[in-house]
Amino acid sequence: LFNIYFPQMTMISSTCCRLRIVTVLLIFISICAQCYLYLSKAGTSKPVFQLEVKIKNDINVVSTISSDIGDLVVVDYDLANESNFTVIETQPKATIAYAISITGCDESATVVSALQGLIDAAVVLKHSIHLNSIHNAPTSSSNYSYQMYAFIHPGAVSCTKPYWPLLQRSSYNISVRDTPFNVTDLHCEFLRTHMPQTGCCGEKEFLKLYAYTLTDHPIAVHLDADTLVLQPLDELFDSMLDDDDEEEHNRDSLNFMNGTLLPPPSQPIEGFFTRDYFLVHPGHQHVGVQGGFFVLRPNETVFEEQIQAILNAEFIPGQGWGGKYGGYYGAQQIQGFLSYYYDGLHPNTAIELDYCLYNNMVHYPISDKGQCYGPPNIPCQDCRKTDFPDIKTAHFTLCQKPWTCNHHRTDDLCFNLTREWFRIRSNFELESIRQTKSLQHHGKNETNTTIITLSTSCDAKHHIEEFFGCCKSGGLNGYIPFSRQEIQ
């Protein structure tokens with residue numbers, strides 16, 4: 001470095017002076033790198049490294065430099081070959097499992113376009129998780145790493161397989177799984193007859209329960225692909241993992257729904273969820289869990305218990321599981337069953353979160369009769385008015401899927417959420433690296449690398465302020481998916 005960039009410094013013989021100048025250069029490089037990350041909000045990939053330089057008077061200067069090259073990192077600093085120059089990897093507090101489920105195929109042209117959007121959504125979801133993980137330091141304050149999983153039903157293999165390379169390049173572990181029980185084994189005749197015909201996808205939605213089998217991780221989060229992570233979820237993870245004193249402190253800071261009964265301090269938190277108040281009449285006593293977002297503690301015993309509960313439970317039409325947990329869309333699937341499990345079989349073990357901050361669906365708060373959709377006896381919340389920076393995760397239901405290219409008014413929260421989805425998609429295309437090999441340079445150990453960068457496929461002008469060039473017009477046919485060249 002000195003010989004090339006500072007030839008006038010070659011006469012300096014003092015090691016101390018040279019190291020001090022190296023330190024100043026490192027600080028300058030770090031500041032430039034952090035300013036770039038802050039301004040561009042660019043994503044970075046694992047691992048994150050700290051550079052530590054020790055000089056003779058024992059002053060330590062530590063700076064963080066990150067680089068996104070897929071699952072690898074370039075470390076190519078050979079500053080004067082000083083023996084007291086070290087590279088230290090920052091360790092995550094834990095690695096969280098994030099899972100999605102894909103349940104079926106429909107070969108019609110419209111649904112094929114929707115499938116392309118859904119696959120793109122899975123990639124954008126992963127990148128949003130990445131941007132809010134430890135691997136995007138210092139922009140992200142998270143202490144947690146992540147691993148992605150995709151549960152794919154055998155009936156969805158034929159339509160999704162062409163897109164598996166894209167999912168795998170986005171760090172998804174793909175697992176083909178059948179429904180975890182046989183419908184013909186259900187004890188309840190009503191469920192045997194009606195479950196396959198109701199909800200979004202019949203009994204196949206129970207693929208989501210495989211998240212409980214991800215026992216290599218202390219915590220799993222199951223999300224619908226049309227969701228977006230907007231902030232780190234460390235407060236949830238900390239409250240499940242920290243020791244008793246820290247956990248009690250962390251519980252006090254949770255954004256749970258007013259009136260929610262928390263587990264006693266001596267009992268660990270087993271999960272988090274939101275409820276879908278907008279599918280029931282105001283005042284409904286047992287409201288279903290919203291199936292697009294739930295946090296859990298993986299446990300094979302719990303998984304087996306849930307399957308047995310499904311197989312053996314009574315389900316009364318119009319009333320639900322155990323005669324209490326139902327009476328709404330999706331009651332025979334995850335929405336009703338998780339309510340039955342966490343409210344009926346294991347009450348006060350999981351916590352209901354504020355649905356305007358977590359899993360925000362931008363729903364209207366008041367029914368046609370002027371009644372509030374939401375828990376009774378608390379002020380009515382209008383999630384449409386939630387400040388965008390306060391939202392932790394969002395779910396594209398009322399706003400419509402981003403890949404339908406549905407334009408919104410700029411004063412609508414849906415505009416900000418849709419715009420953020422396309423911004424993250426654009427960030428993924430511009431900043432991701434398609435194919436790499438390891439490159440490390442430390443002392444005499446050196447390997448070569450091949451890097452091929454992605455180029456954006458979005459150059460349309462339709463409401464570019466919202467869609468970042470990825471919509472030619474409104475509707476599914478206007479959406480520009482990731483190009484075939486990118487996923488081969």
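The values are calculated or read from the model by the stated rules, or taken from the named source; none is laboratory data. Computed from a predicted model, the values in this text were never measured in an experiment. When we count neighbours, we look across all protein chains shown, and the Cβ atoms used for this are built from the backbone with ideal geometry, even at glycine. When the accessible area is computed, the model is the full protein with side chains, heavy atoms only, and any ligands, DNA or RNA have been set aside. Shrake-Rupley method; radii C 1.70, N 1.55, O 1.52, S 1.80 Å.
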Give me D for the range 250-372 in µm² s⁻¹, whole number, from Stokes-Einstein with Rh from the Kirkwood sum over alpha-carbon pairs, 10 °C and 1.306 mPa s. 104 µm²/s
Expressed to one decimal in nm², the mean projection of the alpha carbon convex hull of the range 145-193 is 5.0 nm²
Taking a threshold of 25 Å on the Cα-Cα distance, which of the pairs Lys401/Lys472; Lys126/Lys392; Lys204/Lys369; Lys161/Lys401; Lys392/Lys461 fall above it? Lys204/Lys369; Lys392/Lys461
Starting from the exponent 0.38 and prefactor 2.2 Å, build the expected Rg for the range 156-253 from its residue count and divide its actual Cα Rg by it. 1.45
Convex hull of the range 182-231 built on C-alpha atoms - directionally averaged projected area, nm²: 5.2 nm²
Hey, what do the phi angles of the range 116-128 turn into as Karplus ³J(HN,Hα) couplings, whole Hz, using 6.51/-1.76/1.60 and θ = phi - 60°, x for Gly and Pro? 4, x, 5, 5, 4, 4, 4, 5, 5, 4, 4, 5, 5
Using a probe of 1.4 angstrom, how much of the accessible area of the range 319-422 is carbon and sulfur, in percent? 46 percent
Rounded, prolate or oblate: which fits the range 324-438, taking a ≥ b ≥ c as square roots of the Cα gyration tensor eigenvalues, rounded meaning a/c under 1.5, else prolate when a/b beats b/c? oblate
Solvent-accessible area of Asp243, probe 1.4 Å, all protein chains present, reported in Å² to the nearest ten, please. 90 Å²
What is the local net charge at Asp412, summed over the other residues whose Cβ is closer than 14 Å to its Cβ (Lys, Arg +1; Asp, Glu -1)? -2
Two-site FRET efficiency, Gln285 against Asp411, from Cβ-Cβ distance with R₀ of 45 Å, rounded to 0.05: 0.80
State to the nearest 20 debye the size of the charge dipole of the range 192-306 about its Cα centre, where the only charges are +1 on K and R beta carbons and -1 on D and E beta carbons. 880 debye
9 Å beta-carbon shell around Lys93, net charge (K/R +1, D/E -1): -2
Accessible surface, per residue, of the range 143-213 when the full set of protein chains is kept, probe 1.4 Å, Å²: 39 Å²
Of the accessible area of the range 153-276, computed with a 1.4 Å probe and all protein chains kept, carbon and sulfur make up a percent value of 46 percent
Distance in nm between label sites at Leu398 and Cys32, each 7 Å beyond Cα in the beta-carbon direction? 4.8 nm
Of the listed peptides 132-142, 363-373, what is their order by residue-averaged count of other C-beta atoms within 10 Å, with the highest listed first? 132-142, 363-373
Under the rule rounded for a/c under 1.5, else prolate if a/b exceeds b/c, else oblate, using alpha carbon gyration tensor axes a ≥ b ≥ c, the range 372-424 is classed as prolate
For the range 96-244, radius of gyration divided by Kirkwood radius, i.e. Rg to Rh on alpha-carbons: 1.02
Order of 174-187, 269-282 by packing, highest average Cβ count within 10 Å first? 269-282, 174-187
